[in-house]
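Each reported figure results from applying straightforward, stated rules to the coordinates on display, with no laboratory input. Source: prediction; values computed, not measured. Note that we place each Cβ from the backbone using ideal geometry, even for glycine, and neighbour counts take in every protein chain shown.
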Amino acid sequence: MTEAVQYITNQQGERVGVLLDLETYHRLVNPAASNEELLTGLSLEELQALANSQLALAEQTQLGDLLAQNAEGQLSADATATLDRLLTQVDNLNILKTRARYTLQQLYGVLA
């Protein structure tokens, strides 16, 4: 296995150049590729749409109703499972929206 960085020296022992392994070179010339939080492969417009997306209206209404019933202690086991599913969807959507905003800021300098 080779080292990630090797130096080229002149006759006086001074470093005058550097050799990088291919993985290190790719990481340096394309830092976005090594950032797993970035949503690559999406256009600017797609990222903006994702950053501004919402839960579907029917699910928002259902979530509101279930939260109100839960506050009153009136949820059945099935309704509790539905509420948990919807809250998980909201959490996942918020993560995707945040990653889309982060990607817009990192790749395009755009604040969504």
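Over region 37-112, Cα pairs under 8 Å with separation of 6+ residues give a relative contact order of 54 percent.
Per-residue ellipticity at 222 nm for the chain, helices alone: DSSP H runs ≥ 4 residues times -39500 (n - 2.57), over residue total, nearest 500 deg cm²/dmol?
Working: 4 runs with 58 residues, N = 112.
Computed ellipticity for the chain at 222 nm equals -17000 deg cm²/dmol.
Charge dipole (Cα centre; +1 on Lys/Arg Cβ, -1 on Asp/Glu Cβ; no other charges) of region 37-112 amounts to roughly 280 debye.
In summary, the convex hull built on the alpha carbon positions of the chain has an orientation-averaged projected area of 12.6 nm².
What does the charge count around Leu63 come to, taking other residues whose C-beta lies under 14 Å from its C-beta (Lys +1, Arg +1, Asp -1, Glu -1)?
Working: positive: Arg85; negative: Glu59, Asp65, Asp84, Asp91.
My count for the surroundings of Leu63 gives -3.
Per-residue 3J(HN,Hα) values for region 41-50, derived from phi via the Karplus relation 6.51 cos²θ - 1.76 cosθ + 1.60 with θ = phi - 60°, read x, 10, 6, 4, 5, 5, 5, 5, 5, 5 Hz in sequence order (x marks Gly and Pro). Fully extending the segment from Asn94 to Thr9, taken as 0.36 nm per residue of separation minus the present Cα-Cα distance, adds 25.5 nm.
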